[in-house]
Each structure stands twice: as structure tokens, then as C-alpha cells.
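The block underneath contains the structure these notes are about, expressed in C-alpha cells.
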Amino acid sequence: KWLLASPSIWWDDRAVLAIEAAHAAANDDLRAAVFACYGEQELEPSDTTFRTGMNVEELAERLHHRRYPGLRLSHAMLRGDGHASSVGAAISNGLRALG
């Protein structure tokens with residue numbers, strides 16, 4: 001089970017997306033439960049460096065389109081929150097989603 005709260009997908013030139021692509025090339029399943037979220041303010045045009053919201057949406061879309069039979073995926077934008085203020089809601093929503 002993975003709870004991704006405003007994950008740093010931007011890190012190392014978005015290396016995690018390359019890792020995901022390599023996994024998909026070699027495997028036809030991903031046995032995991034994933035809840036990914038970000039604060040609404042992390043989707044704003046001013047977030048050009050980290051692109052947190054856009055990156056979470058891209059990762060969720062990629063995983064959804066893989067149609068892994070063993071993957072349970074959900075993701076959310078936390079309305080009204082930014083990076084620092086979303087921690088409580090991320091944990092609460094994530095625990096419910098992954099329960």
C-alpha cells in the first residue's frame with residue numbers, strides 16, 4: 001500500500017516516471033494499492049518548477065491506462081490546500097482509500 005502525498009515526481013528529471021515505464025515494459029501487472037494526492041494550490045500556473053499537481057495527474061493517468069489487474073488506484077486534489085496544508089487531509093483520505 002502506497003500513500004503518495006504531494007510526491008516529488010519532479011525530482012531527478014522525473015526519474016520515477018522512467019522507472020514506471022521500465023516496469024510496464026517488463027511486467028503486465030502491478031500488485032499494489034495506491035492513493036496519490038496533492039493540494040489544489042499545487043495545480044496553479046505559478047507552480048512551474050515542481051508541477052506537483054500536473055505530475056500526480058500524469059502518473060495516475062499512466063497507471064490507469066496500464067490496466068494492471070492487481071492495481072487498486074485512487075487519486076485526489078485536496079481543495080483549498082497547498083503543499084504544507086494538505087498533510088492532514090492527505091493522511092486522512094489516504095488511510096480511508098487504502099483501508
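Below, the figures for the structure above:
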quantity	calculated
Pick from the stretch 61-84, criterion open to solvent by less than 70 Å² (accessible area, probe 1.4 Å) and more than 14 Å from the chain's Cα centre (by Cα), ranking: farthest from A18 (Cα to Cα)	G80
Filter result for L17 (within 18 Å of L73 (Cα to Cα) and either hydroxyl-bearing (S, T, Y) or in contact (Cβ under 8 Å) with a residue 60 or more places away in the chain (or both))	no
Residue in the stretch 10-23 that is surrounded by fewer than 16 Cβ atoms within 10 Å (Cβ to Cβ), modelled with pLDDT of 95 or more and under 19 Å from A97 (Cα atoms) present	no
Residue, least open to solvent (accessible area, probe 1.4 Å), within the stretch 37-60, restricted to residues that are at pLDDT below 95 and among the aliphatic types (A, V, I, L, M)	L43
Any chance L3 is under 12 Å from the mean Cα position of the chain (by Cα) and open to solvent by 40 Å² or more (accessible area, probe 1.4 Å)	yes
The listed residue being touching a Ser or Thr at 6+ places or on another chain (Cβ under 7 Å) and either free of Cβ contacts under 8 Å to residues at least 40 places away in the same chain or under 20 Å from K1 (Cβ atoms) (or both), out of L30, L78, L63, L73	L78
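The values are calculated or read from the model by the stated rules, or taken from the named source; none is laboratory data. Remember, it's a predicted structure, so these values are computed and weren't measured experimentally. Neighbour counts run over all protein chains shown; Cβ positions are idealised from the backbone, glycine included. Note: areas computed on protein heavy atoms with side chains; ligands, DNA, RNA excluded. Shrake-Rupley method; radii C 1.70, N 1.55, O 1.52, S 1.80 Å.
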